[in-house]
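Colleague: Got a structure for you, written out below as structure tokens; questions coming shortly.
The values are calculated or read from the model by the stated rules, or taken from the named source; none is laboratory data. Keep in mind that this is a model prediction, so the values were computed, not measured. Every residue, glycine as well, gets a Cβ built from its backbone with ideal geometry; the counts of neighbours run over all protein chains shown. Accessible surface is based on the protein model in full, side chains and every heavy atom, while ligands, DNA and RNA are left aside. Shrake-Rupley method; radii C 1.70, N 1.55, O 1.52, S 1.80 Å.
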Amino acid sequence: MYYELSDGERNNRIVWASVRATLERFRFKYKRGGFKTKSKYRLFEKLLLLFGLMLKVIGVYRKGVQNAMNINIENIEVESYSLPQEFKGFRILFLSDLHIDAIDGFEDVIIKKIEGFSYDLCVITGDFRMDTEGSFRKILPAVKKIVDAVKAPFGVLAVLGNHDTYLMVEPFEAMGIRCLINETVFLTKNKAKITVAGTDDTYYFYTDKAMDVLEQDAGGFKICLSHTSELSDVAARNNFKLYLCGHTHGGQICLPGGKPVISHQKSSALKVKGLWKEGEMTGYTSRGVGVSGIPLRFNCPPEITLVTLKQKNR
Ligand SMILES: [Fe+2]
């Protein structure tokens, strides 16, 4: 399916790209609460390298890499009164945090995993690359390979994460990924429709446009795609029924039992992974397909999620 950009969206993207370019160029981090002046990510990365070295010394590094490649399939069902009959059983292949260049050949692991599944739509909630800056071109062949392997009649929709650059949008769209840059698309079946709205990343690159797109009331069954759960209150207030996000990696390196050591999320520990509720809205935070910082996972398997939409009976 091809989701054409309106003239208004084209104009908005020009403004958005110039703002995003400035934030990226000067490494400004802007959040809903204001500027984030000091990023501790570089220090965090250095600590992770030290941690990795320590794991190599004690001989468990290889196990962590194996864990990172052992992708689980999570099947979830979302029930709603407002789902049109035509979309009953509609399936979404939900991928988040691919960080595709973190492990060599990881795209082939993903492709093998999704082989044989049937779904109607694929959504990707950001963080395509490992680094947060520098060239992204090296990831394009791997992303294209995945997109080519995805067989979704309603196509591939994606939002950017805090590791992604605005420059990715053009090559992604050329390979068939429709990016939602604070934009909305409508999926139609016969005369019925559902809405999918996607925001730009709000962890580093928040602008009020991300909020605005969630405040347009299209009615009916609405899905929000966002890299983090940070706008879940806005989405719930505006009658979204489903909110899909990632970013936390479920902690990536967790204590036995799955308790995250670090989740990169200050608010609401309840939204670090899996299903959650915000008012009437159902949310789901993916543990992510890939890894960042260090290519390891412990007590927190990577996931590919299959979401099935169901009609709720009154
Ligand atoms: Fe990520």
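Colleague: For residues in segment 8-18 being hydrophobic (A, V, I, L, M, F, W, C) and either under 13 Å from A210 (Cα atoms) or without any contact (Cβ under 8 Å) to a residue 40 or more places away in the chain (or both), which is most open to solvent (accessible area, probe 1.4 Å)?
Modeller: Filtering segment 8-18 for residues that are hydrophobic (A, V, I, L, M, F, W, C) and either under 13 Å from A210 (Cα atoms) or without any contact (Cβ under 8 Å) to a residue 40 or more places away in the chain (or both), the one most open to solvent (accessible area, probe 1.4 Å) comes out as I14.
Colleague: Looking at L160, L187, which is the one that is crowded, with 24+ Cβ neighbours inside 10 Å and either away from the ligand (no atom under 16 Å from the Cβ) or modelled with pLDDT of 95 or more (or both)?
Modeller: L160
Colleague: Residue by residue through segment 232-257, note down the ones that are more than 16 Å from the ligand (Cβ to nearest atom) and polar (S, T, N, Q).
Modeller: S232, N238, N239
Colleague: Here is a further query. Filter segment 96-120 down to the residues that are without any contact (Cβ under 8 Å) to a residue 24 or more places away in the chain and not acidic (D, E), then identify the one that is surrounded by the most Cβ atoms within 10 Å (Cβ to Cβ).
Modeller: K112
Colleague: Ok, one more. Would you be able to tell me the number of residues in segment 295-314 that are open to solvent by 10 Å² or more (accessible area, probe 1.4 Å), assigned to a loop (DSSP other than H, G, I, E, B) and among the basic types (K, R)?
Modeller: Residues meeting the conditions: 2.
Colleague: Right, another one. Taking interchain pairs and intrachain pairs at least six residues apart, which have beta carbon atoms under 6 angstrom, with the first residue in segment 75-86 and open to solvent by less than 100 Å² (accessible area, probe 1.4 Å) and the second small (G, A, S)?
Modeller: Pairs found: S82/G220; P84/A192; E86/A192.
Colleague: Going through segment 241-259 one residue at a time, which ones are assigned to a loop (DSSP other than H, G, I, E, B) and either closer than 9 Å to G283 by Cβ or within 14 Å of the chain's Cα centre (by Cα) (or both)?
Modeller: G246, H247, T248 - these are the residues of segment 241-259 that are assigned to a loop (DSSP other than H, G, I, E, B) and either closer than 9 Å to G283 by Cβ or within 14 Å of the chain's Cα centre (by Cα) (or both).
Colleague: Modelled with pLDDT of 95 or more and either under 15 Å from the mean Cα position of the chain (by Cα) or open to solvent by 30 Å² or more (accessible area, probe 1.4 Å) (or both): does that describe D208?
Modeller: no
Colleague: Which of the following residues is within 13 Å of the ligand (Cβ to nearest atom) and open to solvent by less than 10 Å² (accessible area, probe 1.4 Å): S286, S292?
Modeller: S286
Here's the yes/no breakdown for (1) over 22 Å from C300 (Cβ atoms); (2) β-branched (V, I, T); (3) within 16 Å of the ligand (Cβ to nearest atom):
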position	(1), (2), (3)
K29	yes, no, yes
M69	no, no, no
Q85	yes, no, no
K112	no, no, no
D120	yes, no, no
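Colleague: Take V169 and tell me if it is more than 18 Å from I92 (Cα to Cα) and within 16 Å of the ligand (Cβ to nearest atom).
Modeller: no
Colleague: I would also like to ask the following. Only one of L93, L5, L23 is in contact with a Cys (Cβ under 6 Å, 6 or more places away or on another chain) and either among the basic types (K, R) or surrounded by 13 or more Cβ atoms within 10 Å (Cβ to Cβ) (or both). Can you tell me which?
Modeller: Just one listed residue meets the conditions, L93.
Colleague: Looking for something of a type in the set (S, T, N, Q), touching a Pro at 6+ places or on another chain (Cβ under 8 Å) and within 13 Å of the ligand (Cβ to nearest atom) - is there at least one such residue anywhere in segment 258-271?
Modeller: No, every residue in segment 258-271 fails to be of a type in the set (S, T, N, Q), touching a Pro at 6+ places or on another chain (Cβ under 8 Å) and within 13 Å of the ligand (Cβ to nearest atom).
Colleague: Does D127 qualify as being within 16 Å of the ligand (Cβ to nearest atom), surrounded by 17 or more Cβ atoms within 10 Å (Cβ to Cβ), touching a residue at least 60 places away in the same chain (Cβ under 8 Å) and among the charged types (D, E, K, R)?
Modeller: Yes; evaluated as a whole, the condition is true for this residue.
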